[in-house]
1. Taking the Cα centre of the range 50-121 as origin, sum charge times position over the Cβ atoms of Lys and Arg (+1) and Asp and Glu (-1), and report the length of that vector in debye to the nearest 20.
2. What residues qualify as long-range amide H neighbours of Gly16, i.e. H under 5 Å apart, gap of 5 or more or another chain, H built at 1.01 Å from N?
3. Which whole-number percent is the relative contact order of the chain (Cα, under 8 Å, 6+ apart)?
4. Evaluate E = 1/(1 + (r/R0)^6) for Asp61 and Asn27, where r is the Cβ-Cβ distance and R0 equals 30 Å; express this FRET efficiency to the nearest 0.05.
5. What number, in nm² with one decimal, is the all-direction average of the projected area of the convex hull of the alpha-carbon atoms of the range 57-114?
6. Tell me, what is the per residue accessible area of the range 20-106 in Å², probe radius 1.4 Å?
7. Using a 1.4 Å probe on the protein heavy atoms, what percent of the accessible area of the range 1-114 belongs to carbon and sulfur?
8. By a straight-distance test (C-alpha under 19 Å), which aspartates and glutamates pair with Lys43 as possible cross-link partners, with residues fewer than eight away in the same chain excluded?
Amino acid sequence: QVQLVESGGGLVQAGGSLRLSCAASGNIFSINAMGWYRQAPGKQRELVAAISRTGNTNLGDSGKGRFTISKDEHNNTAYLEMNYLQPADTAVYYCAAEIRPRDLTYFKRYWGQGTQVTVSS
């Protein structure tokens with residue numbers, strides 16, 4: 001069993017910062033990539049940021065210049081540092097990871113339960 005547990009969401013004023021964490025645990029053999037998506041009411045889920053096993057990062061347009069993704073391989077944890085938050089950033093943020101469990105020979109995508117980020121004006 002593989003689990004992704006997110007933390008760090010909450011309410012923040014415009015211009016403020018938040019740091020989201022996503023910890024992967026369970027029967028993990030290897031992690032290929034980890035990332036963050038977000039979904040606002042009435043909108044499609046969109047990529048916020050992703051980081052590969054080698055450390056390459058990919059930022060969605062919404063976060064460029066404001067968001068940073070990083071990881072702690074030892075703890076199987078990814079972080080999303082969000083600065084200069086705006087009301088348009090209000091959404092549920094989901095962690096996703098491509099993980100190969102020990103009992104499989106291929107990678108699967110796993111999702112966290114989501115964490116709410118609300119930015120007030």
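1. Numbers: 8 positive and 7 negative charges, 44 e Å.
Computed about the Cα centre, the dipole is about 200 debye.
2. For Gly16, the qualifying residues are Leu85.
3. On the way: 316 pairs, mean separation 43.5, N = 121.
Result for the chain is 36 percent.
4. Details: r = 35 Å, r/R0 = 1.18.
Using R0 = 30 Å, I get an efficiency of 0.25.
5. Numbers: hull surface 20.5 nm².
Quarter of the Cα hull surface area: 5.1 nm².
6. Numbers: 4510 Å² over 87 residues.
Each residue of the range 20-106 exposes 52 Å² on average to a 1.4 Å probe.
7. On the way: 2870 of 6250 Å².
Percent of accessible area from carbon and sulfur atoms in the range 1-114: 46.
8. Qualifying aspartates and glutamates at Cα under 19 Å: Asp61, Asp89.
The values are calculated or read from the model by the stated rules, or taken from the named source; none is laboratory data. None of the values given here were measured: they were computed from a predicted structure. Backbone-built Cβ (ideal geometry, glycine too); neighbour counts: all protein chains shown. Remember, those area values only see protein heavy atoms, side chains included, never the ligands or the DNA or RNA. Shrake-Rupley method; radii C 1.70, N 1.55, O 1.52, S 1.80 Å.
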